[in-house]
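J.: This is the structure I have questions about; it appears just below.
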């Protein structure tokens, strides 16, 4: 594979998509893998800046804060959100929107019900790189698939409806690794915008940090390892300042939200550590009920 357009994934938030892809590639080769993404390692191999990243789990110590623990976190997140989307579509939803899709390949690797459509929204450079790799593999999606090149900090709803989303039908929204990098106002703007496109029965799953990192957490080995070994300064990429309570905002709009920590899923897969960089992470699932809740007294 030659002459790929890589700038969109070689710097900034785009490079974090490669970090997640590498984690998924490692997980795919593990015995009893939580999630298997057969395309992930091809994204890593196609990017010159990742030439020395490990793809064989035998090369990685479980104690490695980067390719051990953080990679396990991404694998667990992938599995939990895969299960969520498959449950929602099995229950009848046929529209799936991936906000900040990155190098996600759910449209290609998950067993979608017949008639499912997946929209992938991200910056043009990321989507272009992903498509070049998938085309080189001759990969075919397992659902109807539309890519929508947009910047989610700007107006994106018109581009999505132009690409075929039907707001009169339920939507399964996913913001897997998006809100960590948006300013507080941007996070609330995205949730308000998707609320306006969500028919009753729609769902939303997303990841947030409940609070900014303390100085002790900012000194956690995982952040130093990402910065020094991969050139990814996660702390500089995370949006600064207090985080909004988007679950409360959605609840006020009639959604029912459940907030969990990563440690609540597949017990024993992750354990909390002192000054844990993952302790403030929350995985939130919300449902817009088919019937409106009674008014509050």
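J.: Output the number of residues of region 246-277 satisfying the condition of being outside any helix (DSSP H, G or I), without any contact (Cβ under 8 Å) to a residue 24 or more places away in the chain and either at positive phi or under 19 Å from the mean Cα position of the chain (by Cα) (or both).
T.: Of the residues in that region, 2 qualify.
J.: Continuing with the same structure: Tell me which of these residue 222 doesn't satisfy, since it passes every other one: (1) touching a helix residue (DSSP H, G or I) at 6+ places or on another chain (Cβ under 6 Å); (2) assigned to a helix (DSSP H, G or I); (3) over 17 Å from residue 71 (Cβ atoms).
T.: Only one criterion in (1) touching a helix residue (DSSP H, G or I) at 6+ places or on another chain (Cβ under 6 Å); (2) assigned to a helix (DSSP H, G or I); (3) over 17 Å from residue 71 (Cβ atoms) is unmet by residue 222, namely (3).
J.: Failed condition for residue 205, given (1) closer than 19 Å to residue 100 by Cβ; (2) free of Cβ contacts under 8 Å to residues at least 12 places away in the same chain; (3) surrounded by 14 or more Cβ atoms within 10 Å (Cβ to Cβ), with all others met?
T.: Tallying (1) closer than 19 Å to residue 100 by Cβ; (2) free of Cβ contacts under 8 Å to residues at least 12 places away in the same chain; (3) surrounded by 14 or more Cβ atoms within 10 Å (Cβ to Cβ), residue 205 fails exactly one: (2).
J.: Test residue 210 against the stated conditions and say whether it is surrounded by fewer than 17 Cβ atoms within 10 Å (Cβ to Cβ), within 29 Å of residue 93 (Cβ to Cβ) and modelled with pLDDT under 95.
T.: Yes.
J.: Of the residues 204, 188, which single one is touching a strand residue (DSSP E or B) at 6+ places or on another chain (Cβ under 9 Å), within 27 Å of residue 237 (Cα to Cα) and at pLDDT 95 or above?
T.: Going through 204, 188 in turn, just one is touching a strand residue (DSSP E or B) at 6+ places or on another chain (Cβ under 9 Å), within 27 Å of residue 237 (Cα to Cα) and at pLDDT 95 or above: 204.
J.: Then there is this: Name the residues in region 230-239 that are in a helix (DSSP H, G or I) and exposed (fewer than 14 other Cβ atoms within 10 Å of the Cβ), would you?
T.: Residue satisfying the conditions is 236 alone.
J.: So is residue 190 surrounded by 15 or more Cβ atoms within 10 Å (Cβ to Cβ) and either assigned to a loop (DSSP other than H, G, I, E, B) or touching a helix residue (DSSP H, G or I) at 6+ places or on another chain (Cβ under 7 Å) (or both) or not?
T.: So residue 190 does not fit the description; no.
J.: Now, a different point. Which of the residues spanning region 79-100 are under 12 Å from the mean Cα position of the chain (by Cα) and without any contact (Cβ under 8 Å) to a residue 60 or more places away in the chain?
T.: Answer for region 79-100, where residues must be under 12 Å from the mean Cα position of the chain (by Cα) and without any contact (Cβ under 8 Å) to a residue 60 or more places away in the chain: just 82.
J.: Identify, please: which residue in region 174-187 is free of Cβ contacts under 8 Å to residues at least 60 places away in the same chain and not in a loop (DSSP other than H, G, I, E, B) and is, among those, farthest from residue 161 (Cα to Cα)?
T.: In this case the residue turns out to be 180.
J.: For region 133-171, name all the residues that are in contact with a helix residue (DSSP H, G or I) (Cβ under 8 Å, 6 or more places away or on another chain), in a helix (DSSP H, G or I) and surrounded by 16 or more Cβ atoms within 10 Å (Cβ to Cβ).
T.: Scanning region 133-171 gives 133, 134.
The values are calculated or read from the model by the stated rules, or taken from the named source; none is laboratory data. Computed from a predicted structure; not experimentally measured. With ideal geometry, Cβ positions are generated from the backbone for all residues, glycine too; neighbour counts draw on all protein chains shown.
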